[in-house]
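Taking it in order: structure first as structure tokens, then the write-up.
The values are calculated or read from the model by the stated rules, or taken from the named source; none is laboratory data. Note that the structure is predicted; figures quoted are calculated from it, not measured. Don't worry about glycine lacking a Cβ; one is built from the backbone with ideal geometry, like all the others, and counts go over all protein chains shown.
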Amino acid sequence: MIRFMLRFIGLIGLALAFILLVYDGANWIENKITRPTTIEWVWNQTYSKAPQDVLKPLVAPLGNWLWDPVLQYFLAAPASLVLAILAALMMLLGRKKKPLIGYGRDR
């Protein structure tokens with residue numbers, strides 16, 4: 001059941017990544033600007049608070065090095081690429097086991 005859920009969530013994630021990629025392509029055709037949709041933009045459209053207001057207090061006890069180079073780079077990443085990578089990882093975790101060749105399963 002867990003494998004099914006991982007594959008299902010991965011498939012939904014790949015579909016959303018494709019939708020974001022088509023959205024970026026439509027913006028590129030319309031505006032002649034190649035600027036991908038970032039995770040920060042998706043966050044701002046989804047939630048009322050900015051990611052800096054929510055995430056910075058959470059990672060402040062761990063150190064500033066985590067906020068400045070790591071999370072800033074992550075928030076500036078293209079949302080379709082990050083979503084596709086996470087969905088592919090979920091689908092890999094949920095894949096079926098390969099059958100053993102030459103061995104019985106009952107041993």
Test: residue in segment 55-67 that is in contact (Cβ under 8 Å) with a residue 24 or more places away in the chain and either in contact with a helix residue (DSSP H, G or I) (Cβ under 9 Å, 6 or more places away or on another chain) or part of a helix (DSSP H, G or I) (or both): no
Qualifying residue in segment 25-37 (condition: among the polar types (S, T, N, Q), surrounded by 10 or more Cβ atoms within 10 Å (Cβ to Cβ) and under 19 Å from residue 85 (Cα atoms)): yes
Subset of segment 15-48 (residues that are out of contact with any helix residue (DSSP H, G or I) (no Cβ under 9 Å at 6 or more places or on another chain) and among the charged types (D, E, K, R)): 30, 32
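Do we have residue 70 as touching a helix residue (DSSP H, G or I) at 6+ places or on another chain (Cβ under 6 Å) and either of a type in the set (Val, Ile, Thr) or not in a helix (DSSP H, G or I) (or both) here? Give the derivation first.
Numbers: touching a helix residue (DSSP H, G or I) at 6+ places or on another chain (Cβ under 6 Å): no; either of a type in the set (Val, Ile, Thr) or not in a helix (DSSP H, G or I) (or both): yes.
Against the criterion (touching a helix residue (DSSP H, G or I) at 6+ places or on another chain (Cβ under 6 Å) and either of a type in the set (Val, Ile, Thr) or not in a helix (DSSP H, G or I) (or both)), residue 70 does not qualify.
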Members of segment 25-45 found to be under 13 Å from residue 75 (Cβ atoms) and hydroxyl-bearing (Ser, Thr, Tyr), listed by number: 37, 38
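Please work out if residue 51 is surrounded by 16 or more Cβ atoms within 10 Å (Cβ to Cβ), of a type outside the set (A, V, I, L, M, F, W, C) and modelled with pLDDT under 90. Steps first, please.
Details: surrounded by 16 or more Cβ atoms within 10 Å (Cβ to Cβ): yes; of a type outside the set (A, V, I, L, M, F, W, C): yes; modelled with pLDDT under 90: yes.
Against the criterion (surrounded by 16 or more Cβ atoms within 10 Å (Cβ to Cβ), of a type outside the set (A, V, I, L, M, F, W, C) and modelled with pLDDT under 90), residue 51 qualifies.
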